[in-house]
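Engineer: Sharing a structure, written as structure tokens. Questions coming.
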Amino acid sequence: MSNLAPEPEFEQAYNELVSSLENSSLFEQHPEYRIALKVVSIPERVIQFRVVWEDDKGNLQVNRGYRVQFNSALGPYKGGLRLHPTVNLSVLKFLGFEQIFKNALTGLMMGGGKGGSDFDPKGKSDAEIRRFCVAFMRELSRHIGANVDVPAGDIGVGGREIGYMFGTYRKERNQFEGVLTGKGLNWGGSLIRPEATGFGLIYYVGHMLEYAGAAGWKGKRVAVSGSGNVAQYAALKLIELGASVLSLSDSNGAIVAEGDNVVAPEDVNAIAELKLRRRPLTEFSHSGRFKYLEGARPWVHVGKVDVALPCATQNEVSKEEAEALVAAGCRFVAEGSNMGCTQEAIDVFEAVRKEKKGEAVWYAPGKAANCGGVAVSGLEMAQNSQRIRWTSEEVDSRLKDIMKNAFDSGLRTAKDYVKAAEGELPSLVAGSNIAGFVKVAEAMHEQGDWWTTSS
């Protein structure tokens, strides 16, 4: 595709979708969808602004702020705000593009968007973070609203930052409305929201295990990357279901269980406390039960493993690491992070799935496997609209249903549009991409966003 400037992250996300569409019978059955692809690949609106704030020494600081409002055919723009020095337009366009189809797979009325800033919260005081969030939201508040665009948290944006931003929006607009998700429970937040992405990932992969006849989670050896919200709750749910968690990681390195040791709930809680204080895994005290690997990811170091769950950031599984996982007996890979595997890694997993060397490897993309977080954000929006709060059990039950529907939709669509040999596991990456794309394309067509001469 043509871009005015190199946008490698966005181009990777776009090419992954196009690859799924081209290698299926979709365009053969519906050639008009090529027009829809041209339209959906360009954001409806890109907002860029400066954020001027004051540090603790009284010095003026300035950062870039962004909001990519990518597609609203299925509902208000919905997607997180990321605060990280790597944030740029390419990263946010990739995330927003993925978000369109992820949100479609939840079955809820949400469009796709993403935003954030190149502000780095690491090393900043609470007061500096508050001043930045206030300055950021003063500008962003002009462009969002409960029925327009409903941001959420992402990397660098947790409950504290959402609170500062919501308070600023409320004062700037003189409105108390469900404009952000991930809010505090006392002022419009939903139960199960912090757990939702991690729990949803495990529910989704549970359906993969069941369909493949792999006898559930009990006894499974699982490699997990990351140590933030998604990894923490995925690990806790895995332990609850009887799996053995072998690893966690952060941007500085990874911890891998030694011998017969595994990650325990108290380990997850201790790491969660470290991350709350923005401290690295090097400060995790474990009495030699884990090996710390500086600058490494866990995939080539975990030994025999049944399931791999990348839960950190994009492109965290390379071709070589994918090959190492296959060699270690890994049969299931699902992304808790967005675009966690490089395209070359996905090609490795998909090739083994098709060739069925030994036992097939089954890969699930992030837009399906990690849609639980935004799904519960959508449920938070529904509760806000009704001015009520559902119980944990109600939200968790709805989350389980949404993850099952996302799995079933990808499975069914793969069978409809992708040729497979007898006994071959369906391609969840192709099925999920096509299912999300078709739902959005149909809505856009019915609303006049694209058309053909015959329509």
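The values are calculated or read from the model by the stated rules, or taken from the named source; none is laboratory data. This structure is a prediction, so every number in the text was calculated from the model and none was measured. When we count neighbours, we look across all protein chains shown, and the Cβ atoms used for this are built from the backbone with ideal geometry, even at glycine. SASA here: full protein model, heavy atoms, side chains in, ligands and nucleic acids out. Shrake-Rupley method; radii C 1.70, N 1.55, O 1.52, S 1.80 Å.
Engineer: I'd like the accessible area for Y292, computed on protein heavy atoms only with a 1.4 Å probe and all protein chains in place. Round to 10 Å², please.
Structural biologist: Approximately 70 Å² of Y292 is accessible to the 1.4 Å probe.
Engineer: Specify whether the C-alpha gyration tensor of the stretch 145-210 places it in the rounded, prolate or oblate class, a ≥ b ≥ c being the square roots of the eigenvalues: rounded for a/c under 1.5, otherwise prolate if a/b is larger than b/c and oblate if not.
Structural biologist: Details: a/c = 2.84, a/b = 2.49, b/c = 1.14.
The shape class here is prolate.
Engineer: Here's something else I'd like to know. Run the numbers for F27 and E355: contour at 0.36 nm per residue of separation, minus the present Cα-Cα distance, in nm. Intermediate results must be reported in sequence, preceding the final value.
Structural biologist: Numbers: separation 328, 0.36 × 328 = 118.08 nm, distance 2.53 nm.
Separation in residues times 0.36 nm, less the Cα-Cα distance, equals 115.6 nm.
Engineer: So for the pair T282, M109, with labels modelled 7 Å out along Cα→Cβ, what separation do we get in nm?
Structural biologist: Label at T282, label at M109, 5.1 nm between them.
Engineer: Take every Cα pair under 8 Å in the stretch 301-452 that's 6+ residues apart, average their separations, divide by the length, and report that relative contact order as a whole percent. List each step's numbers first, then the result.
Structural biologist: Numbers: 203 pairs, mean separation 27.7, N = 152.
Contact order relative to length: 18 percent.
Engineer: With all distinct Cα pairs included, what does the Kirkwood hydrodynamic radius of the stretch 184-239 come out to in Å, to one decimal, could you say?
Structural biologist: Working: mean 1/r = 0.0806 Å⁻¹.
Taking every pair of different Cα atoms in the stretch 184-239, averaging 1/r and inverting gives 12.4 Å.
Engineer: Past the 20 Å Cα-Cα mark, which pairs from K102/K439; K93/K354; K102/K419; K78/K102? Present the calculation step by step, with values, prior to reporting the outcome.
Structural biologist: Details: K102/K439 11 Å; K93/K354 31 Å; K102/K419 23 Å; K78/K102 10 Å.
The answer is K93/K354; K102/K419.
Engineer: Once phi is turned into ³J(HN,Hα) by the Karplus curve 6.51 cos²θ - 1.76 cosθ + 1.60 with θ = phi - 60°, what whole-Hz value does each residue of the stretch 214-230 show in order, with x for glycine and proline?
Structural biologist: 9, 6, x, 7, 4, x, 6, 9, 10, 9, 10, 9, x, 8, x, 3, 5
Engineer: What trypsin sites (Lys or Arg not before Pro) in the stretch 92-196 are in a loop by DSSP, with at most 14 other Cβ atoms within 10 Å of the Cβ? Display every interim value, and only then the final one.
Structural biologist: Details: sites: K93, K102, K114, K122, K124, R130, R131, R138, R142, R160, R170, K171, R173, K183; in loops: K122, K124, R142, K183.
Passing both the DSSP loop test and the Cβ count: K122, R142.
Engineer: In nm, to one decimal, how far is the modelled label at K38 from the one at H143, with both set 7 Å along Cα→Cβ?
Structural biologist: Label at K38, label at H143, 2.6 nm between them.
Engineer: Let me see the P(r) profile for the stretch 60-185: every Cα-Cα distance counted, bins of 10 Å, each bin given as a percent of all pairs.
Structural biologist: 14, 47, 33, 6, 0
Engineer: If you don't mind, another one. Hey, could you grab the Kirkwood Rh for the stretch 265-313? Inverse mean 1/r over distinct alpha carbon pairs, Å, one decimal. List each step's numbers first, then the result.
Structural biologist: Values: mean 1/r = 0.0795 Å⁻¹.
The answer is 12.6 Å.
Engineer: Over the stretch 13-165, what is the relative contact order in percent, taking alpha-carbon pairs closer than 8 angstrom and at least six residues apart?
Structural biologist: Answer for the stretch 13-165 is 25 percent.
Engineer: What's log10 of I(q)/I(0) for the chain at q = 0.10, 0.11 Å⁻¹, Debye sum over Cα points only, no solvent?
Structural biologist: -0.69, -0.85
Engineer: Within the accessible area of the stretch 361-455, what % is carbon and sulfur when the probe is 1.4 Å and the other protein chains stay in place? Before the final figure, lay out each step's value.
Structural biologist: Values: 1880 of 4050 Å².
In the stretch 361-455, the share of accessible area belonging to carbon and sulfur is 46 percent.
Engineer: Quick check: with the 1.4 Å probe, what order do M109, M403 take by accessible area, largest first? Present the calculation step by step, with values, prior to reporting the outcome.
Structural biologist: Values: M109 155, M403 0 Å².
Ranked from most to least accessible, the order is M109, M403.
Engineer: Now a separate question. Quick one: ranking T452, T313 by accessible area, 1.4 Å probe, largest first, what do you get? Numbers along the way, then the final one.
Structural biologist: Details: T452 30, T313 55 Å².
So, going from the largest accessible area down, we get T313, T452.
Engineer: Per-residue HN-Hα couplings for the stretch 320-335, Karplus 6.51 cos²θ - 1.76 cosθ + 1.60 at θ = phi - 60°, whole Hz, x for Gly and Pro?
Structural biologist: 5, 5, 4, 5, 5, 5, 4, 5, 8, x, 5, 10, 9, 10, 9, 8
Engineer: While we're on this one: Could you tell me the relative contact order of the chain? Use alpha-carbon pairs under 8 Å, at least six residues apart, and round to a whole percent.
Structural biologist: On the way: 939 pairs, mean separation 76.1, N = 455.
Value for the chain: 17 percent.
Engineer: Would you work out what percent of the accessible area of the stretch 260-357, with all protein chains in place, is carbon or sulfur (probe 1.4 Å)? Mind showing how you got there, number by number?
Structural biologist: On the way: 2150 of 4490 Å².
Carbon and sulfur: 48 percent of the exposed surface of the stretch 260-357.
Engineer: Two-decimal Rg/Rh of the stretch 110-241 from alpha-carbon positions, Kirkwood Rh? Mind showing how you got there, number by number?
Structural biologist: Numbers: Rg = 18.0 Å, Rh = 16.9 Å.
Checking Rg against Rh, the ratio lands at 1.07.
Engineer: Expressed in nm to one decimal, what extension gain is obtained for the pair K171 and E344 from 0.36 nm per residue of sequence separation less their Cα-Cα distance? List each step's numbers first, then the result.
Structural biologist: On the way: separation 173, 0.36 × 173 = 62.28 nm, distance 4.77 nm.
Extra length available between K171 and E344 comes to 57.5 nm.
Engineer: Give me the dipole magnitude in Debye, nearest 20, for the stretch 224-323 about the Cα centre, with unit charges on the beta carbon: positive for Lys and Arg, negative for Asp and Glu. Could the numbers behind the result be given before it?
Structural biologist: Values: 10 positive and 14 negative charges, 51 e Å.
Magnitude of the dipole: close to 240 debye.
Engineer: Follow-up. Identify, among A254, G107, A382, the residue whose Cα sits farthest towards the positive end of the charge dipole of the chain, taking +1 on the Cβ of Lys and Arg and -1 on the Cβ of Asp and Glu, with the dipole about the Cα centre.
Structural biologist: The residue sitting farthest along the positive end of the dipole is A382.
Engineer: On to the next question. So with the 1.4 Å probe, I'd like the accessible area per residue for the chain, rounded to whole Å². Before the final figure, lay out the partial values.
Structural biologist: Values: 18850 Å² over 455 residues.
I get 41 Å² per residue for the chain.
Engineer: With Rg and the Kirkwood Rh both taken from Cα atoms, where does Rg over Rh land for the stretch 1-117?
Structural biologist: On the way: Rg = 16.6 Å, Rh = 15.5 Å.
My calculation puts Rg/Rh at 1.07.
Engineer: If you restrict to DSSP beta bridges whose two residues both lie in the chain, what percentage is antiparallel, to the nearest 5?
Structural biologist: Values: 26 of 45 bridges.
If we restrict to bridges inside the chain, about 60 percent are antiparallel.
Engineer: Keeping all protein chains in position, work out how much accessible area T106 exposes to a 1.4 Å probe, and write it in Å² to the nearest 10.
Structural biologist: Rounded to the nearest 10, the figure is 10 Å².
Engineer: Where Lys and Arg each count +1 and Asp and Glu each count -1, what net charge lies around N59 among other residues with Cβ under 14 Å from its Cβ?
Structural biologist: Numbers: positive: K57, K124, R131; negative: E54, D55, D56, E128.
Once all neighbours under 14 Å are counted, the net charge is -1.
Engineer: Next question, about the same structure. Pop out the ³J(HN,Hα) list for the stretch 170-185 in order, Karplus 6.51 cos²θ - 1.76 cosθ + 1.60 with θ = phi - 60°, rounded to Hz; leave Gly and Pro as x.
Structural biologist: 4, 6, 5, 9, 6, 9, 9, 8, x, 8, 10, 10, x, 6, x, 4
Engineer: When the helices in the chain are scored as -39500 (n - 2.57) per DSSP H run of 4 or longer and the sum is shared across all residues, what 222 nm value do you end up with, to the nearest 500 deg cm²/dmol?
Structural biologist: On the way: 15 runs with 201 residues, N = 455.
It lands at -14000 deg cm²/dmol.
Engineer: Rounded to the nearest 5, what % of the DSSP beta bridges within the stretch 1-160 are antiparallel ones?
Structural biologist: Values: 17 of 25 bridges.
Given both bridge residues lie in the stretch 1-160, the antiparallel proportion sits at roughly 70 percent.
Engineer: I need the shape label for the stretch 225-341. Rule: rounded when a/c is under 1.5, else prolate if a/b > b/c, else oblate, with a, b, c from the alpha carbon gyration tensor. Show your work: numbers first, answer last.
Structural biologist: Numbers: a/c = 1.42, a/b = 1.29, b/c = 1.10.
Verdict is rounded for the stretch 225-341.
Engineer: Of T453, T197, which has the most accessible area with a 1.4 Å probe, and how do the rest follow in descending order? Intermediate values should be presented prior to the final figure.
Structural biologist: Details: T453 150, T197 20 Å².
In descending accessible area the options line up as T453, T197.
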